[in-house]
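Report on the structure given below.
The values are calculated or read from the model by the stated rules, or taken from the named source; none is laboratory data. From a predicted model like this one, the values you see are computed outputs, not experimental measurements. Cβ coordinates were reconstructed from backbone atoms using ideal geometry, including for glycine residues, and neighbour counts include every protein chain displayed. Note: areas computed on protein heavy atoms with side chains; ligands, DNA, RNA excluded. Shrake-Rupley method; radii C 1.70, N 1.55, O 1.52, S 1.80 Å.
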Amino acid sequence: MEKQILKLAVNGQDYEVFINPKTLLVEVIRDHLGFTGTKRGCETVSCGACTVTVNGVAVKSCSVLAVQVEGMNVVTSEGLEDNGKLSPIQKAFLDYGSYQCGFCTSGMLMSATAFLDENKSPTKHAIKESIEGNICRCTGYNSIVRAIDAVAQGKYKEE
Ligand code: FES
Ligand code: FES
């Protein structure tokens, strides 16, 4: 299959990459552009470690071909901070100890970010549902849910 040029924006910057049409989005993000916060875990759409947002929607980047996001805005965990200032959900994860090994954390942050953008005062049940697609082997999830809940309750503001 002939290689082609893909244009997309990642973390607010425009990129053009020359790829095989079968290249996965996670491969473009990590291998072509070097945003290695996004993890490759199961690669079978189960673990959520590869979650990014595409036009604001949480997407498992191992589940889509890169060519499917032509012209779209992708955000990875590296794109959450702004000039060194952490986003509310990043600060909450730090304060609530919502990670241990950290392998799931980027994906969790991106799922939580997309969820909180759409849900201003979610229930704890809705928060739990929002991270059902993200597996964490370390924390038992409670500290992650508490951090997302704290942001939903307005305890963390954008600086
Ligand atoms: S690596 Fe994509 S869901 Fe596990
Ligand atoms: S912190 Fe280790 S998998 Fe979640």
### Query
Does region 110-124 hold any residues that are more than 11 Å from residue 58 (Cα to Cα) and either over 17 Å from the mean Cα position of the chain (by Cα) or of a type in the set (Phe, Trp, Tyr) (or both), and which are they?
120, 121, 122, 123, 124
### Query
All but one of (1) within 20 Å of residue 36 (Cβ to Cβ); (2) touching a residue at least 40 places away in the same chain (Cβ under 8 Å); (3) within 16 Å of ligand 1 (Cβ to nearest atom); (4) not in a loop (DSSP other than H, G, I, E, B) hold for residue 103; which doesn't?
(4)
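Tell me, please, whether a residue that is within 16 Å of ligand 2 (Cβ to nearest atom) and at pLDDT 95 or above can be found in region 22-32.
no
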### Task
Might you let me know whether region 111-118 holds any residue that is among the β-branched types (Val, Ile, Thr), open to solvent by 20 Å² or more (accessible area, probe 1.4 Å) and over 19 Å from residue 41 (Cβ atoms)?
no
### Task
Please state which one of 148, 135, 127 is within 17 Å of the chain's Cα centre (by Cα), in contact (Cβ under 8 Å) with a residue 12 or more places away in the chain, in a loop (DSSP other than H, G, I, E, B) and surrounded by 17 or more Cβ atoms within 10 Å (Cβ to Cβ).
135
### Summary
Within region 122-140, the residues that are polar (S, T, N, Q) and in contact with a helix residue (DSSP H, G or I) (Cβ under 6 Å, 6 or more places away or on another chain) are 130, 134
